[in-house]
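Some notes on the structure that comes next.
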Amino acid sequence: MTERLVVIGGDAAGMSAASQARRRRPAGDLEIVAFERGRHTSYSACGIPYWIGGTVSGPDALVARTAAEHRERGIALRLGTEVTEIDPARGRVRSRDADGREEWTSYDHLVIGTGAVPIRPPLPGIDAPGVLGVQTLDDGEAALAALDRGGVRRAVVVGGGYIGVEMAEAMLRHGLEVTLVDRNDQPMSTLDPDMGRLVREELEGLGVPVASGAAVREVLTGPDGRVRAVATDGAEYPADLVVLGLGVRPATDLARAAGLPLGAAGGLLTDRAMRVRGCERLWAGGDCVEVLNLVSGAEQHVPLGTHANKHGRIIGTNIGGGYATFPGVVGTAVSKVCAVEIARTGLKESQARAAGLRFVTAVVESTSRAGYYPDAGLMTVKMIAERGTGRLLGLQIVGREGAAKRVDVGAVALTAGMTVDQMIDLDLGYAPPFSPVWDPVLVAARKAAEAVAADLRRG
């Protein structure tokens with residue numbers, strides 16, 4: 001008897017699950033129906049700032065697999081169709097198409113891949129023309145159209161996280177005067193404040209003033225209704241465009257209404273197989289779920305395309321009759337603003353404290369290449385290690401070319417549960433064009449190991 005798999009969400013997790021299930025089960029054994037409320041499917045939202053900035057072409061360059069390609073592979077993909085209700089008791093979902101027609105579709109397996117939605121606070125003027133979000137390909141098109149209007153000279157970016165700094169670069173590439181407004185003390189709050197300060201200094205060196213500790217209270221508009229400034233409690237920042245980079249939250253309104261289990265951050269809770277807890281036929285993955293942080297042991301919302309694609313592959317494998325699990329994450333992320341690379345993995349200090357961990361830190365400055373080799377870029381590396389055991393807890397890097405991907409050494413060490421003492425002897429690649437004799441990560445590990453030993457001596 002043919003089973004039916006229904007997928008909600010046509011991007012990374014949902015369509016990876018559908019594709020993997022199709023590879024394992026032919027159409028006569030498994031019918032697959034996927035609903036996507038937008039106009040596009042299987043695209044890289046992470047690439048949108050680089051498309052807007054002109055570094056990559058788009059939007060076609062950002063699409064990994066088109067709707068037509070999914071349909072050729074036996075997936076009934078319905079674009080412009082929104083799922084409005086999940087009925088787990090009866091095993092069905094209700095959908096509404098672009099013409100307002102509604103219907104119920106039954107399922108044997110349901111994959112929830114609804115992703116995340118941008119945080120958009122209910123502030124006066126937040127919906128005025130000239131206020132841009134950065135989440136979908138439609139948002140990218142709208143941003144480029146706004147930039148093509150005449151008289152656009154000044155942009156204010158609200159939020160100093162990954163999207164905020166990436167969009168600051170995109171606006172700079174269009175020749176705009178850019179100001180970054182952030183409610184936190186330093187940009188990149190995923191870093192410790194001392195490392196975030198380095199990002200701030202680099203931004204200001206690029207000519208981007210950073211207004212820290214400044215919460216936006218209103219978007220001011222002119223007589224034509226378009227944005228003219230951003231107002232905080234202490235100042236007004238003139239703007240022809242405002243870019244919102246305030247982060248995202250899990251898109252789990254459907255799941256909440258259906259009574260499915262949610263975590264502290266509002267994301268769906270699953271088991272290791274990515275099955276919704278307590279629900280035999282329901283699966284979830286991507287930006288709408290919370291995952292286990294392998295370092296802290298806590299559930300965490302980590303919205304990244306890398307995890308979403310892995311979740312989808314695991315779900316599709318399990319629905320297809322195989323067996324796969326997702327062990328968790330260590331919290332690795334990289335970004336950049338112009339020539340400045342930013343990376344982190346594991347826990348920052350506040351997260352370690354929240355997990356009840358005691359720690360020591362080490363901060364070192366080094367270069368990406370041998371000091372005598374041309375164009376050796378500076379970088380600052382911060383390492384956090386557990387007191388007593390010396391177990392690596394976190395790694396943060398801010399620097400020039402060659403800095404960011406060094407964080408992967410830390411990601412592997414965290415996954416393996418290594419101590420900083422063990423890291424010192426890692427056999428990393430060396431040649432003058434790529435690294436000093438002592439790689440910056442190993443220098444930081446050596447300093448962290450010394451800090452652990454000194455702490456033990458003090459008792």
- Query: What ranking, highest mean first, results for peptides 396-406, 220-230 when packing means the other Cβ atoms within 10 Å averaged over each residue?
  - Reply: 396-406, 220-230
- Message: Counting heavy atoms of the protein chains only and a 1.4 Å probe, report the per residue accessible area for the chain as a whole number of Å².
- Response: 44 Å²
- Message: Tell me the relative contact order for region 337-459 as a rounded percent, counting alpha carbon contacts under 8 Å between residues six or more apart.
- Response: 31 percent
- Assign one of three labels to region 247-379, namely rounded, prolate or oblate, based on the Cα gyration tensor with a ≥ b ≥ c the square roots of its eigenvalues; rounded applies when a/c is under 1.5, prolate when it is not and a/b is larger than b/c, and oblate otherwise. prolate
- Query: Normalised by the residues of the chain, what does the relative contact order come to in percent, with Cα pairs under 8 Å and at least six apart?
  - Reply: 14 percent
- aspartates and glutamates within cross-link reach of K447: Cα-Cα under 15 Å, excluding same-chain residues under 8 positions apart? E365, E386, D421, D425, D439, D455
- Task: Place the peptides 423-431, 171-179, 79-87 in order of packing, highest mean first, counting for every residue the other Cβ atoms within 10 Å and averaging per peptide.
- Result: 171-179, 79-87, 423-431
- Identified option (computed volume of the Cα convex hull per residue in Å³; candidates (i) 167; (ii) 199; (iii) 142): (i)
- Nearest 20 debye, what's the magnitude of the dipole of region 228-273 about its Cα centre given +1 on Lys and Arg Cβ and -1 on Asp and Glu Cβ? 240 debye
- Solvent-accessible area, 1.4 Å probe, carbon plus sulfur percent, for the chain: 50 percent
- Message: Nearest 500 deg cm²/dmol is fine: what mean residue ellipticity at 222 nm does the chain get from its DSSP H runs of n ≥ 4 alone, each adding -39,500 (n - 2.57), divided by its residue count?
- Response: -7500 deg cm²/dmol
- Task: Which order do the peptides 47-56, 321-330, 364-373 take when ranked by the mean count of other beta-carbon atoms within 10 Å per residue, highest first?
- Result: 47-56, 364-373, 321-330
- Message: Below 17 Å, Cα to Cα, which lysines can K348 reach? Residues fewer than 8 away in the same chain don't count.
- Response: K382
- Task: Classify region 410-458 as rounded, prolate or oblate from the Cα gyration tensor: take a ≥ b ≥ c as the square roots of its eigenvalues, call it rounded if a/c is under 1.5, otherwise prolate when a/b beats b/c and oblate if not.
- Result: oblate
- Counting alpha carbon pairs within less than 8 Å and at least 6 residues apart, what relative contact order, in whole percent, applies to region 71-170? 12 percent
- Message: For a test of the definition: using alpha carbon positions, the gyration tensor, and the 1.5 limit on a/c, classify region 156-261 as rounded, prolate or oblate.
- Response: oblate
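The values are calculated or read from the model by the stated rules, or taken from the named source; none is laboratory data. Everything numeric in this text was worked out from a predicted model, so none of it was measured. Because the Cβ atoms are built from the backbone with ideal geometry, glycine has one as well, and the counts that use them run over all protein chains shown. With ligands, DNA and RNA removed, areas are computed over all heavy atoms of the protein, side chains included. Shrake-Rupley method; radii C 1.70, N 1.55, O 1.52, S 1.80 Å.
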